[in-house]
Amino acid sequence: MNMRGAQRGIAFIVVIWVMVLLTVLLAGFAVIARTEALQARHLAESTRARYMAEVGISRAVWELRNPDPLTRWAGDGRSYDFEFEGAKINVAIQDESGKIDLNAVEGAVFMRYLEGRGVDGQRAQQIADALMDWRDADDLTQPMGAEDADYEREGYPYGAADNGFQTVGELQQVMGMDFELFRQLEPDLTIWGGNSMPSAGAASLAVLMSFPGMTPQMAEQLIAMRSQMQPGDPAAATLTLPDGTPMLTAGGGVTYTVRSKATLPNGAWTQVDATIRLGGAAGARAYTILQWREGSAG
């Protein structure tokens, strides 16, 4: 009787342990199922937000091709907001012609730009001259520039490229440049502008400082006034640079960087930064993507 009672007691303990084990397993399965459901939901929301951000890119292209200059979206960095299928979309357009083109800018212009960014005169000339030497094909050194021998003497594992910049990031390899300074300059730089002098109508405050005779106060005033006008506004003729040149023109470039951020009602968002070039063959896509970056959060 005692042995039988002991066996029953052991069986009861085993049953209890089995029930505890099953409870733990079920709880684990429930957590996994919930986690997978949340992951699937997040993926679905991120995907929807991404496509909503792409709507912003397409809307920007459509607005940039608007034949009416008085209603056309401006490419000077100002923001535009609209809603599409419940998503709030914010779009900002920056005309690449309003940036400093590393492959076209003149040394004096780049030097003034650097000084406007707070770089002292000597270092600004050194970097500007080194930039000229980096991209030209000859071995002649600018007054404060750097060719292969100078890079070798300073211990660099490479010399001047003697070719145009392939990316904006390549500027970090130019003698005199460092990451901290490059990080400050990067938003104002491009390889797609195509002009030796940036377009004032789309230039940032820092880029406007590269224009002869420009002062910080004048640049701030011009940008404040520009933000209230469209490129085709007749009143734009009153905005002039220090040399009397009109600041705004009726047209713009063909290459733009579009930042489109789409936010869903639940707060999930995705931002796309696309550098695009308008135009193309008849029947082809209305624009070509040159660069694409995106990020998101739930």
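The values are calculated or read from the model by the stated rules, or taken from the named source; none is laboratory data. For clarity, every value in this text was computed on a predicted model and none was experimentally measured. All Cβ positions, glycine included, derive from the backbone under ideal geometry; neighbour counts span all protein chains shown. Quick note on the areas: whole protein, heavy atoms, side chains included, nothing else; ligands and nucleic acids left out. Shrake-Rupley method; radii C 1.70, N 1.55, O 1.52, S 1.80 Å.
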Of the residues that make up region 75-89, is at least one open to solvent by less than 30 Å² (accessible area, probe 1.4 Å), among the hydrophobic types (A, V, I, L, M, F, W, C) and either under 11 Å from Tyr256 (Cβ atoms) or out of contact with any helix residue (DSSP H, G or I) (no Cβ under 8 Å at 6 or more places or on another chain) (or both)?
-> no
So how many residues does region 119-138 have that are within 16 Å of Leu189 (Cα to Cα) and open to solvent by 20 Å² or more (accessible area, probe 1.4 Å)?
-> 2
The condition of being outside any helix (DSSP H, G or I), open to solvent by 10 Å² or more (accessible area, probe 1.4 Å) and farther than 22 Å from Thr257 by Cβ holds, among Thr141, Thr71, only for Thr141
Could you grab me the full set of residues in region 219-273 that are assigned to a loop (DSSP other than H, G, I, E, B), touching a residue at least 12 places away in the same chain (Cβ under 8 Å) and over 19 Å from Met197 (Cβ atoms)?
-> Ser227, Met229, Gln230, Gly232, Asp233, Leu264, Pro265, Asn266, Gly267, Ala268
So which residues in region 234-267 are over 27 Å from the mean Cα position of the chain (by Cα), crowded, with 17+ Cβ neighbours inside 10 Å and among the charged types (D, E, K, R), if there are any at all?
-> none
